[in-house]
Each structure stands twice: as C-alpha cells, then as structure tokens.
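Contents: one structure, followed by commentary.
Derivation of every value follows stated rules applied to the coordinates shown; laboratory data play no part. It should be emphasised that the depicted structure is a prediction, and the values quoted were computed from it without experimental measurement. Positions of Cβ are generated from backbone atoms using ideal geometry, with glycine treated the same way; all protein chains shown enter the neighbour counts.
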Amino acid sequence: MTKPKRWSKGVISGVPADTTDDEVKGETSAVMARRITRMVDCEIIPRSVIIAFEDELPRVVFVHLRRYRVELYVPKPIRCNKCQAFGHKTASCEAATAVCPRCSSKKHEYASCPVDKKHAKCAKCGDNYNAAYRGCIKYKTIDRALNISVKQGISYRDAVTQVKKTYTEEKTRSTSTSSDITEQMERVQGAKKATVANGTKTMKSMSVRKNADRTNDKARKRLRRKQHRRQCQRQTSQPLVIRHLHPRQAIRYEKIKCCV
Ligand SMILES: [Zn+2]
Ligand SMILES: [Zn+2]
Ligand SMILES: [Zn+2]
C-alpha cells in the first residue's frame, strides 16, 4: 500500500469576509480551502484562509483578480477542553470523565473549581499553571515539533524526537555552564580572601587589592561572554544578514550580532 501524499498547505490573508471557501477553492484551483475564524465576544470574526495543494505550494494566488501571497501554513497544537490532551478537539473527545484545566482534578468541572489560581496544577506536566497556558513545556514541544515538521518536511514523530533531543542537550549545556560559573566564582572569592588576608593597610596593598578586583572583574566578564556565546544559537546557526545598512551601522550590528 502506498502512503497517501501529504498536501502542501498555505495560508493567505486579507481575503474579504464575503468571499466563500468554495470561491477561493475554485479561483486558486486548490484541493481545499478553509477560512480560519476566531470567537471574540460571542462573535465569529473571519480571518485568513488555508489553502491546500497536492503538489508544490504556489508563491502567489489570485482570487477575483486580486493577488495574494501564499505563506506556509504551520498548525498550532490543538488541546481538548474536556480531557486536556493534545491532538483532538472537544467534539471528538472519547474520554469518560472531564479533567479540570485549573487543578487537573477529575472530580469537578472548571466552572465549579474550588482551587485558587495560585495553586493551579497543569494536567499535562504538573507545573503550577492552568493547562491552557502556552508556556507549558508540553505545548512548547508540540508547537516546535509542528514547526519543524512543516518547514523541514519530516514526519511529526521525527520532529518530536528531534525537539526532545534538543531540550536534553540544552539542559545539559545549561547545567554544565552553571557549574562552570560556581567554580569560577569560588576561585574569584578565594583570590579576594587571599588578597584581604595578605594585605596590610598600606597604599601598596590597597593598589594590589584594586588590581586583583580588576582582574576578577575581567575574568567574570570574560566568563559571561563565553556563557552567552554558548547559549546564543543565533551566532552559529543564523549569521545576521546585513542589508541596506550604512557601513557605520553595519559595524554596530556586527558587534551585537549574537544578541539581536
Ligand atoms: Zn479529549
Ligand atoms: Zn479544579
Ligand atoms: Zn504543563
């Protein structure tokens, strides 16, 4: 059995609200067209239109003679409001009991939750926030994986594995860096103590102490820079492209390129 080919999906913005999905589909010769809507104060607000093609995504499409630029469509993680799991909507939820998004209890619903906001517990990771919070590590993992999956054209499963690997690497890197810092700080403090112990209250010893402080400051700065360089991925993976800049500005950008 051959695998069904994945559609390439794009999104176009600014299509007038009175243009129907069928009209967009017909005009663009897409295999699917679907308008994204948003609920604001019980009112449905029409937004961009998702269009799908069997082959490659066109760069531009025309709807009623108007030109629209096609952006790559990256879906957002879907969370079920009933069981709080990712990957399906409430309408298709098969869970027997609902889970409270605030405290992750199965005994009551959100509307009757007796738990204070401050004591919220995420149903997915157990952290101190509502399950709808987009800073949840599970949400962030899925979001990143969806992005990678669409942009690199790899399967969602492979993308998740890749993201998890990156997280583990980042974690080990940050722990090693923090231990580096403590080591360095201990050394700095030791040096300070030694200077204080040896120094008498003469001008000479004062200047020695000052010099030691200066050296320690320099060491700390160097360490901070080193740590920043290690954490900042931009410098290595995405060199900054300087375009249309005055040479003087370009130099300034060059200097701060790893933090912009
Ligand atoms: Zn569900
Ligand atoms: Zn609750
Ligand atoms: Zn969470």
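Quick look at the values:
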| quantity | calculated |
| --- | --- |
| Inter-label distance, nm, simple model (7 Å from Cα along the C-beta direction), Arg47/His88 | 2.4 nm |
| Restraint check, Lys5/Lys25; Lys171/Lys218; Lys151/Lys171; Lys121/Lys165; Lys25/Lys76; Lys9/Lys226, Cα-Cα greater than 30 Å | Lys9/Lys226 |
| With eigenvalues of the C-alpha gyration tensor scaled by 5 and rooted, segment 41-164, Å | 34, 19, 13 |
| Most to least packed among 129-136, 155-162 [average Cβ atoms within 10 Å] | 129-136, 155-162 |
| Stretchable slack from Asp158 to Arg187, in nm (0.36 nm times residue separation minus alpha-carbon distance) | 6.1 nm |
| Segment 8-72 - percent relative contact order, Cα under 8 Å, separation 6 or more | 42 percent |
| Amide H contacts of Ser48 (H built 1.01 Å from N, under 5 Å, at least 5 apart or other chain) | Ile36 |
| Nitroxide proxy distance, nm - points 7 Å out along Cα→Cβ at Arg35 and Arg69 | 2.4 nm |
| Potential extension, Asp21-Ala219 segment - 0.36 nm per residue separation minus Cα distance | 65.0 nm |
